[in-house]
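Let me begin by presenting the structure, written as structure tokens, before commenting on it.
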Amino acid sequence: MVLYTFIAAITIVLACHVKTTEDSAYDFVATGGRIVTGYTSRRKALNTLYLVAVFAILALLAALRLEVGNDYGTYVVTCHEIFQKGYVVTEPGFNLVVRILYTLSGKEDYLLMFGVFGAAIVAIFLKVLYDQSDSFAWGFFVFMTMGFYYRSFNTVRYYFALAIATFALRYLTDIDVQGMIKFFALILFAATFHKSVLVVVPMYFIARINWKRWALIPLAAVSAVAALLHNQILDLALKLYPSYRNTVYIEEVHTITENAAPIFGCLFVLGLCLVCYNDAVRDQVDNRMYFNMNIMALALYVSCFWLPLITRFAYYLTTAQILLLPNLICRIQDKTKKKRVIAAVVVFCILYFLYFMSEADKMGVRVLPYKSWLFYDHRWLNQTDTF
């Protein structure tokens, strides 16, 4: 926990030096209202320096881990089967990357696989925050404190697909033919690593619609139906995730309290959006889409808590919070309201981080305790036993 807190603190400090949209007005005033090429170039150079520093820290932490993540051992075995051309349920894109990495390294180097995917996930999310958020600093603060980064230590295929899906949101802000081609190309590419990403196609387009108040009625109706038809929905989910069939995840009884943290997160974001609705949501295409995604995620968590796979679908919606919260902060016009919203975000995110750390060693998360192969002889990890 101390290590994760330190990493979060130092990277957040570095991220605060990255200037994006939020600081454009400040830069204009600082240069006397003139466009100064040298000033802009220095800003870009400094941004690059701090971004590289943040990327290096987060990518290294992900790459150096050993047996961190609830499915770490499963991936070791799966990659072994992929390389030996055995039967696996993983998607062809992931299988191809594993074969390439193992062939290039000349051995079954699962550490290389985790390192490459860890770096790719971090790089994509940093790109998302830099390009699509009004404030990189605030977006990164949410990204770290609400556990999005540390959860990526689990299910690297899924989080790689999640990162790509979040990146693809940029093409839904202003819909055009070229943008749609890019959006679908990205989603199809991500599906070659984790096919669950295909659910974002209907979900994102529904969220993109400018909802009227009466739209909450069919949403509530669908949620009620989902609660009543949970057996049928579970059968459908198992067709998408056949590897979960006859496992402990299906046999266990799941309660709504298991997702208490993300539910409270959705409620908090919902409350902020309602407070800032006129300033930052109503006439803002991107924020309105993220706002709708947050409502949809809340409905999923509440009506489908019994589904052991629900987080796999809901994260495609809740991850937009790393874009929505900074956008809310930056687009509030009233200075007093803005200060109060900032205070609320800081307090909530810190409390959320502390709660996440207290649960990070539990089954289903297992990102604690952190171990690094630098201090362990990883050769003991035999794919045929241990896990």
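Every read-out reported here was derived from the displayed coordinates using simple, explicitly stated rules and does not represent laboratory data. Values in this document were obtained by computation on a predicted structure and should not be read as measured data. Methodologically, a virtual Cβ is constructed for each residue, glycine included, from the backbone with ideal geometry; neighbour enumeration extends over all protein chains shown.
Whose amide H sits under 5 Å from the amide H of SER372, counting only residues 5 or more places off or on another chain, with H placed in the peptide plane?
LEU66
Cross-link candidates for LYS85: which lysines have Cα within less than 16 Å, leaving aside residues fewer than 8 places away along the same chain?
Result set, ordered by chain and number: LYS107.
Which whole-number percent is the relative contact order of the chain (Cα, under 8 Å, 6+ apart)? Intermediate values should be presented prior to the final figure.
Numbers: 427 pairs, mean separation 90.6, N = 387.
Normalised by residue count, the contact order of the chain is 23 percent.
Under a Cβ-Cβ cut-off of 15 Å, what is the net charge of the residues other than TRP211 that fall near it, where Lys and Arg count +1 and Asp and Glu count -1? Display every interim value, and only then the final one.
Details: positive: ARG208, LYS212, ARG213, ARG282, ARG288; negative: ASP283, ASP286.
Value of the local net charge: +3.
Determine, from the Cβ-Cβ distance of VAL347 and SER372 and an R0 of 22 Å, the FRET efficiency 1/(1 + (r/R0)^6), rounded to the nearest 0.05. Numbers along the way, then the final one.
Numbers: r = 32 Å, r/R0 = 1.46.
E(calc), rounded to 0.05, equals 0.10.
How much net charge surrounds PHE183 when only other residues with a Cβ under 12 Å from its Cβ are counted (Lys, Arg +1; Asp, Glu -1)? Don't skip to the end; give the middle numbers.
Working: positive: ARG170, LYS182, ARG208; negative: ASP174, ASP176.
Net charge around PHE183: +1.
May I ask you to sort LYS44, LYS19 by Cβ crowding, counting other Cβ atoms within 10 Å and putting the fewest first?
LYS44, LYS19
What ranking of PHE143, PHE189, PHE83 emerges when the number of other C-beta atoms within 10 Å of each C-beta is taken as an exposure proxy, fewest first?
Values: PHE143 29, PHE189 14, PHE83 18.
By the 10 Å Cβ count, ascending: PHE189, PHE83, PHE143.
Let me check against my output: what whole-number percent is the relative contact order of the stretch 55-122, with C-alpha pairs under 8 Å and at least 6 apart?
Working: 49 pairs, mean separation 35.0, N = 68.
Contact order relative to length: 51 percent.
Sort THR74, THR255, THR166, THR20 by Cβ crowding within 10 Å, fewest neighbours at the top.
Starting with the residue having the fewest Cβ neighbours, the order is THR255, THR74, THR20, THR166.
What does the C-alpha gyration tensor say about the overall shape of the stretch 97-157? Classify as rounded when a/c is under 1.5, otherwise prolate if a/b is larger than b/c, or oblate.
Details: a/c = 4.31, a/b = 2.40, b/c = 1.80.
It is prolate, given that a/c is not under 1.5 and a/b is the larger ratio.
Can you list, largest first and rounded to whole Å, the semi-axes you get for the chain by taking the square root of 5 times each eigenvalue of its Cα gyration tensor?
33, 28, 20
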